Each structure stands twice: as structure tokens, then as C-alpha cells.
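Single-structure report; data block below.
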Amino acid sequence: MSARPVVVVTRRLPDAVHEALAREFDARLNPEDRPLTAEGLREAVRTADALLPTVTDKVTADVLSAEPRRLKLIANFGVGFNNIDVEAAKARGVAVSNTPDVLTDATADLAMTLLLMVARRTGEGERHVRGGQWTGWRPTHMLGTQVSGKTIGLIGMGRIARAVAQRAHHGFGMKVIFHDPYPPPPEVAAALGAEPRASVDDVLREADFVSLHCPATAETHHLMNRERFGRMRPGAFLINTARGDVVDEAGLVEALESGRLAGAGLDVFEKEPQVTQALVTMDNVVLLPHLGSATEETRVAMGMRAFENLRLFFAGEPLRDRVV
Ligand code: DGY
């Protein structure tokens with residue numbers, strides 16, 4: 001019997017995923033959950049047949065240049081793969097897969113959580129009660145913004161945006177508008193009550209809530225910059241569950257400080273885990289630690305999807321979720 005493929009797993013995963021990986025592969029797990037250094041990743045390129053990284057592992061061209069290279073597959077734990085230099089991987093003949101579909105609902109739920117939290121000032125309200133400042137009900141206390149019936153503008157209309165549209169339109173009676181250079185078929189958008197707009201700016205001009213759902217690429221870097229914040233409706237809200245560098249955080253701080261934006265709900269940040277200090281001090285900003293896919297069910301499903309890609313690859317079959 002030939003030796004089992006060596007798979008380096010960069011972070012601690014749910015037990016069920018560890019068990020599956022250990023059953024099938026020579027799995028080098030990380031139960032202590034210590035992030036790998038760049039040198040640790042280079043070592044994995046030299047010694048492993050596959051790497052199972054997460055959003056916190058920067059699999060750069062430099063990491064991939066480690067020689068002699070044994071690595072054949074990077075099975076990313078996550079749908080977003082901006083942590084991997086996929087062009088460098090492709091150039092070296094290293095395949096890359098991701099984990100789409102299984103985190104769509106959890107991430108859409110979290111986008112709605114942020115939207116509701118920031119509109120109804122729930123983070124602020126919780127701090128108020130816990131801080132012992134609550135003196136009792138009164139008609140003008142901590143008034144927020146009504147969500148039902150408002151307009152949500154989706155930037156990107158992929159799987160997660162569609163799941164947000166479903167919730168916003170059918171659950172909250174919101175008007176849904178979107179822009180995507182590759183829009184869904186008209187009947188798909190119509191079933192979600194979603195109307196296309198010709199440009200990002202058209203969405204910004206009309207939406208009470210702007211929710212970001214585009215991948216992090218060179219084209220979407222700082223898509224939301226000072227100019228674009230200036231085009232949003234006065235008093236609108238920004239929701240980001242996509243990737244931090246889609247937003248120019250300095251520009252966002254200015255737009256919030258000037259009162260142009262009423263608030264922001266952020267799950268992702270430009271320099272995670274660092275958060276721009278000014279945002280931390282603002283009561284009209286809700287901050288979460290990249291929890292989009294963080295449910296027990298979803299994290300197990302993501303791990304099993306990465307496992308499935310590994311299993312298919314080493315069985316010589318096509319990857320289910322090939323990126324390159
Ligand atoms: C994803 O899957 O892209 C999540 O943000 C975790 O990386």
C-alpha cells in the first residue's frame with residue numbers, strides 16, 4: 001500500500017473534520033491552533049502533498065516558491081481565497097479549491113444581523129443596560145431607524161447576496177436593488193424581488209442600506225472610497241461581510257464623522273485582526289470579529305467540503321470546487 005498523502009492543516013478545525021482527515025490522510029493537525037508563520041507555510045510547501053489553509057494564512061508567491069516543492073493542492077477552508085496568490089499557484093501547477101455554498105446561509109444571516117443591529121442600535125442598547133445606565137422606558141429613548149420597507153442595495157449578486165435579498169425582501173419587505181457585472185438571469189432576480197442597477201453608483205444613490213458582497217480582487221480594492229461614500233444617500237448605512245479591503249477604512253471614518261453615513265456594521269476589516277481605532281470609539285458602528293460563517297454546522301460543513309476536495313484530488317478525480 002502506498003503512503004497516504006500528507007495534508008498540513010493550518011488551524012484547529014471541528015472534531016468531526018479532524019476525524020475525517022485523520023482517517024483518510026497523513027493529516028498534520030494543529031490542535032493548539034497556533035497560526036503558522038510564513039516559514040511554517042514554506043515548510044508545508046516542501047513537505048506536504050496538500051495544504052488546508054484559512055483566511056489567516058497568507059499563501060504568497062514567496063511561500064509557494066519554497067523548494068523542493070512537494071505541494072500539489074491547496075484546499076482552502078473558506079469561499080473567499082484572497083489569502084492565496086492563485087496566479088502563483090497556477091504558474092507552479094498547484095491546484096486550488098475553496099468551500100462555496102455551505103456558508104451562504106450563515107453569512108447572509110450575519111449580514112442581516114449587522115443590518116438590524118446598526119439600524120436598531122442594539123449594540124449600543126446592550127452596552128447601556130450592562131453599564132447600569134438604563135433609567136426606564138421613555139418615548140424618545142434610543143430611537144433607531146426602521147428596517148421594514150426600506151431599500152437595500154447589494155454590491156455583487158452572487159450566492160450570499162441572493163440569500164440576503166431573499167431575507168430582506170421576503171422577510172422584511174425591503175426593496176432590493178443590486179449591481180453585479182455578471183448579473184443573475186432576470187427570472188432569478190425577479191424571484192428575489194431584486195432589481196438590477198447599471199452601476200455601483202446607481203445603487204449607492206438609492207439605497208438606505210448598502211451591503212457588500214463582492215470578492216476581494218485588484219478591481220474591488222477600496223471600491224468603497226471617499227468619493228463613493230459621498231455618493232451614498234445622506235443617513236445611509238454600510239454593511240460589510242465580504243472582505244475588509246473592499247472598504248477604505250479611513251474614508252469610512254470620515255463619512256461617519258461628518259454624519260454623511262448614519263452607521264456601519266462590519267464583520268471584516270482592512271488589517272484584521274487590527275481595527276481602525278476611530279471605529280472602536282463610535283457608538284453607531286457595530287463591530288464583529290469575522291463571524292460570517294461561524295456556526296457549528298457551517299464550520300463542520302466547510303471542513304467536510306475541503307475534505308471532499310482533498311479526497312477527490314488524491315483519487316485522481318476532478319475537484320468539486322476548483323479555483324485554479
Ligand atoms: C470565507 O469563507 O470566505 C470566510 O470569510 C472565512 O474565510
Where both partners of a DSSP beta bridge lie in the chain, what percent of those bridges are antiparallel, to the nearest 5? 5
Report I177's accessible area, 1.4 Å probe, all protein chains in place, as a number in Å² to the nearest 10. 0
Exposure rule at most 12 other beta-carbon atoms within 10 Å, DSSP loop chymotrypsin sites (Phe, Trp or Tyr not before Pro): the chain longest free segment: 138-324
Per-residue HN-Hα couplings for segment 184-194 [Karplus 6.51, -1.76, 1.60; θ = phi - 60°; Hz; x = Gly/Pro]: x, x, x, 6, 5, 4, 4, 5, 9, x, 9
If amide H atoms are modeled at 1.01 Å from N in the peptide plane, then the residues at a separation of 5 or more from R11, or on another chain, having amide H under 5 Å from its own are none
P(r) for the chain, please, calculated from all Cα pair distances in 10 Å bins and given in %. 6, 25, 30, 22, 14, 4, 1, 0
May I ask you to give the percent of accessible area on segment 141-266 that is carbon plus sulfur, with a probe radius of 1.4 Å? 53
Need the C-alpha centroid separation for segment 283-324 versus segment 1-59, integer Å. 14
When the dipole is taken about the Cα centre of the chain, and only Lys, Arg (+1) and Asp, Glu (-1) are charged at their Cβ, what size is it in debye, to the nearest 20? 180
I need the fraction of alpha carbon pairs in segment 104-287 separated by more than 24 Å, rounded to a whole percent. 34
Nearest-ten-degree value, helix 38-47 long axis tilted from longest Cα axis of the chain: 40
Percentage, to the nearest whole number, of Cα pairs in segment 219-301 over 18 Å apart: 40
Phi-derived 3J(HN,Hα) across segment 243-249 with the Karplus relation (6.51, -1.76, 1.60, θ = phi - 60°), rounded Hz, x for Gly and Pro, is 9, x, 7, 6, 10, 7, 5
Give me the one-decimal nm value for the distance between modelled label points at E39 and T295, 7 Å along each residue's Cα-to-Cβ direction. 4.2
Gained length - K90 relative to V129, 0.36 nm times residue gap less alpha-carbon distance: 8.7 nm
Interchain or sequence-distant (5+) residues whose placed amide H lies within less than 5 Å of the amide H of V286 are A264, G265, L266
Within the chain, excluding any GluC sites (Glu not before Pro) found in a DSSP loop (not H, G, I, E or B) and having at most 10 other Cβ atoms within 10 Å, the longest uninterrupted segment runs 33-218
So what's the angle, to the nearest 10 degrees on a 0 to 90 scale, between helix 296-314 and the longest Cα principal axis of the chain? 30
How many angstrom lie between the Cα centre of segment 220-238 and the Cα centre of segment 166-209? 17
Here segment 218-224 yields Karplus 3J(HN,Hα) values (6.51, -1.76, 1.60; θ = phi - 60°; whole Hz; Gly and Pro given as x) of 4, 6, 9, 4, 6, 3, 8
Averaged per residue, what accessible area in Å² does the chain show with a 1.4 Å probe, protein chains only? 47
Charges on Cβ only, +1 for Lys and Arg, -1 for Asp and Glu, centred on the Cα centroid of the chain; of P53, G131, V8, which one is farthest towards the dipole's positive end? G131
Length gain on complete extension for the stretch R231 to S199, per 0.36 nm per residue less the alpha carbon to alpha carbon distance? 10.3 nm
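The values are calculated or read from the model by the stated rules, or taken from the named source; none is laboratory data. Please read all numbers here as calculations on a predicted model, not as lab measurements. No Cβ is skipped: glycine too gets one built from the backbone with ideal geometry, and neighbour counts run over all protein chains shown. Heavy atoms of the whole protein, side chains included, go into the accessibility calculation; ligands, DNA and RNA do not. Shrake-Rupley method; radii C 1.70, N 1.55, O 1.52, S 1.80 Å.
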